[in-house]
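The numbers here are math on the coordinates, done by the rules we state, and not lab data. The shown structure was predicted, so the numbers you read here are calculated from the model rather than taken from an experiment. With ideal geometry, Cβ positions are generated from the backbone for all residues, glycine too; neighbour counts draw on all protein chains shown.
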Amino acid sequence: MRSIFFFLLILGLFNYASSEEEKKEGFCSAPSVVSLESKSKPMYWKVDNPTLSPFHLQDLPGFTRSVYKRDHALITPESHVYSPLPDWINTSGAYLISPETGSHFVMYLAKLKENARSGPPLHYDLERFFFVLQGAVTLTYAPDVSHILKVDSYAYLPPGFEHSVECDTAATIVVFERRHSLLQDDVPELVVNSTDKQPLLETPGEIFELRKLLPTSLAYDFNIHIMDFQPGEFLNVKEVHYNQHGLLLLEGQGIYRLGDSWYPVQAGDAIWMAPFVPQWYAALGKTPSRYLLYKDVNRNPL
């Protein structure tokens with residue numbers, strides 16, 4: 001009962017904030033400066049510039065929305081700690097999820113500065129996936145093969161695949177790495193693509209839009225989902241499963257249930273979900289929400 005009351009309280013606060021904003025603007029008033037600014041900004045700009053960023057929290061010392069529990073964690077932008085990434089050049093990183101939390105993968109944000117260059121994965125059997133959030137990067141492999149990846153583009157690099165990610169000006173990417181679980185007759189291959197080229201997939205019993213960024217064949221032991229919700233849409237299934245998740249909210253805001261807790265979330269928030277933690281999401285506010293979700297697949301949990 002307490003959890004339901006807390007959820008209804010948060011929902012009421014969201015609705016109150018929205019109604020107050022409507023009262024300020026009125027039906028015949030001009031769009032607010034914030035609305036005009038949002039429309040002029042590039043895709044996923046709030047991941048780097050969230051509403052509750054350190055600048056906006058300067059008058060609230062000690063406050064954070066971040067939470068760490070046995071079976072889940074919410075990592076919010078005001079808690080990010082950046083430091084130079086080992087073996088990378090002119091790049092700082094913030095690790096959001098790592099094996100210390102109980103995960104079998106790492107998830108980190110990498111901010112590439114001028115003339116930045118990636119380092120190799122720590123071990124030869126590590127696979128790497130990265131997704132461009134801001135700016136553009138150049139992926140280079142083999143002697144003379146390169147791809148320019150812009151916002152909403154991504155690449156999967158199989159274990160042992162020599163490559164470099166470089167940046168001439170500035171860019172932000174989110175990176176996932178894990179030890180590959182090899183199947184003898186199924187070998188993963190390089191993937192370079194963009195979200196808008198992936199088809200919408202059927203989601204029986206659900207109303208959100210789903211795209212999978214990697215092939216669904218047995219060679220791949222994880223996938224990355226892009227999930228889109230219109231305001232007011234929510235997951236019908238209250239999921240409890242053996243898969244682990246790493247999530248980055250790219251756009252919008254909503255409520256995420258993790259275990260017995262209900263969290264207001266917004267663009268820029270990251271979430272770790274352990275196996276079998278109850279999980280559920282509802283999109284709130286005036287704009288659609290989108291999140292990127294890591295999920296281990298195609299392997300027996302034994």
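Details
- Against the empirical 2.2 N^0.38 Å (N residues), region 88-151 has a Cα radius of gyration ratio of 1.22.
- Listed by chain and number, the aspartates and glutamates placed with their C-alpha closer than 20 angstrom to that of residue 46 are 21, 37, 78, 152, 196, 228, 251, 269; residues fewer than eight positions away on the same chain are left out.
- Theoretical FRET efficiency, 1/(1+(r/R0)^6), r = Cβ-Cβ of residue 183 and residue 43, R0 30 Å, to 0.05: 0.25
- Residue-count net charge about residue 113 - beta-carbon cut-off 13 Å; Lys, Arg +1, Asp, Glu -1: -1
- Neighbour net charge for residue 101 - beta-carbon separation under 12 angstrom, K R +1, D E -1: 0
- Listed cross-link partners 69/197; 41/238; 69/238; 41/295; 150/295; 113/286 are compared with a 26 Å cut-off, the Cα-Cα value being larger for 69/197; 41/238; 41/295; 113/286.
- Within-9-Å neighbourhood charge of residue 201 [Cβ basis; K, R +1; D, E -1]: 0
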